[in-house]
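The values are calculated or read from the model by the stated rules, or taken from the named source; none is laboratory data. For clarity, every value in this text was computed on a predicted model and none was experimentally measured. Here the Cβ is made from the backbone with ideal geometry for all residues, glycine too, and neighbour counts use every protein chain on show.
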Amino acid sequence: MRVIKSGSGAQAWSIKAKCTGKGNRGGGCGAQLSVEAGDLFRTFSSHYDGSSETYVTFECPECKVWTDLENKDRPPNSGKLPNKTTWDNRQKRLARKAKKEDSQ
Ligand SMILES: [Zn+2]
């Protein structure tokens, strides 16, 4: 099924965020970005005591630096976001699809 025109109900989740590199050694370019749920992936860090933490992260389209979202800025169902490998594969699939549609 394809949506021709979205209903007027729920808006897709999005948030304004700045590319800072927070949580990823910094170095962001400072771009202001409108981040949608499809732009996000989960990253993990492990601690010496065996615990681990999950972060919700986006990659800046301009400088490719990763920035972690603040906990309060996470979308609903952020636990279901893909990891980076899955996200990469999806981006590649989308790029291929867009290319195919362009050539038609
Ligand atoms: Zn950037």
Those residues that are touching a Gly at 6+ places or on another chain (Cβ under 7 Å) and aromatic (Phe, Trp, Tyr), I need them from region 24-65; list them, please.
55
In the list 67, 54, which residue meets the criterion of being touching a strand residue (DSSP E or B) at 6+ places or on another chain (Cβ under 7 Å), surrounded by 16 or more Cβ atoms within 10 Å (Cβ to Cβ), polar (S, T, N, Q) and not in a helix (DSSP H, G or I)?
67
Is there any pair with a first residue in region 42-65 that is within 16 Å of the ligand (Cβ to nearest atom) and a second that is among the acidic types (Asp, Glu) whose Cβ atoms are under 6 Å apart and which are 6 or more apart or on different chains, and what are they?
57/68; 58/39
Would it be correct to say that residue 38 is within 16 Å of the ligand (Cβ to nearest atom) and more than 12 Å from residue 66 (Cβ to Cβ)?
no
For residue 95, the lone unmet condition from (1) within 16 Å of the ligand (Cβ to nearest atom); (2) without any contact (Cβ under 8 Å) to a residue 24 or more places away in the chain is (1)
Residue list for region 70-90, filter: outside any helix (DSSP H, G or I) and farther than 14 Å from residue 22 by Cβ:
75, 76, 77, 81, 82, 83
With the structure loaded, tell me whether residue 21 is modelled with pLDDT of 95 or more, in a loop (DSSP other than H, G, I, E, B) and not hydrophobic (A, V, I, L, M, F, W, C) or whether it fails that test.
yes
Tell me yes or no: at least one residue of region 66-89 is within 15 Å of the ligand (Cβ to nearest atom), free of Cβ contacts under 8 Å to residues at least 24 places away in the same chain and within 12 Å of the chain's Cα centre (by Cα).
no
